[in-house]
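*Asks:* Structure below; questions to follow.
The values are calculated or read from the model by the stated rules, or taken from the named source; none is laboratory data. Predicted, not measured: the structure shown is a model, and the values here were computed from it. Because the Cβ atoms are built from the backbone with ideal geometry, glycine has one as well, and the counts that use them run over all protein chains shown. Side chains included, ligands, DNA and RNA excluded: accessible areas come from the protein's heavy atoms. Shrake-Rupley method; radii C 1.70, N 1.55, O 1.52, S 1.80 Å.
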Amino acid sequence: MPTFTGEDIVRLFAATYLPLCRSLEAAGALDPQALARDIRARLDPEPGEPWEILAAALCKVLGEKG
C-alpha cells in the first residue's frame, strides 16, 4: 500500500476538484458559492492541512444539500 503525503492529497484535489464541482453543480448537488464561503470561513480559525480544510468544506456543503 503506498503512503500518501499531504502534498499528494492536494495534487489529487487539484486534479479533480474543479471537474467534480462542475459535475455536482450541474446535477444540482452543489452550490459553488456556499462551498467558497465555507472554505473561506475555515481558513483562519481551524488548524489543519489545506486538503483537510477543503475536504471538510466539501463534505459540509454536500451534506447540506441532502
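*Asks:* In the range 18-51, which residue that is in a helix (DSSP H, G or I) and touching a residue at least 40 places away in the same chain (Cβ under 8 Å) is surrounded by the most Cβ atoms within 10 Å (Cβ to Cβ)?
*Replies:* 51
*Asks:* Quick check on my filter: what residues within the range 55-66 are open to solvent by 30 Å² or more (accessible area, probe 1.4 Å) and modelled with pLDDT of 75 or more? Spell out how you get there, then give the answer.
*Replies:* In the first step, residues of the range 55-66 are kept if they are open to solvent by 30 Å² or more (accessible area, probe 1.4 Å); the result is 56, 59-60, 62-66.
Hits for the range 55-66 are 56, 59, 60.
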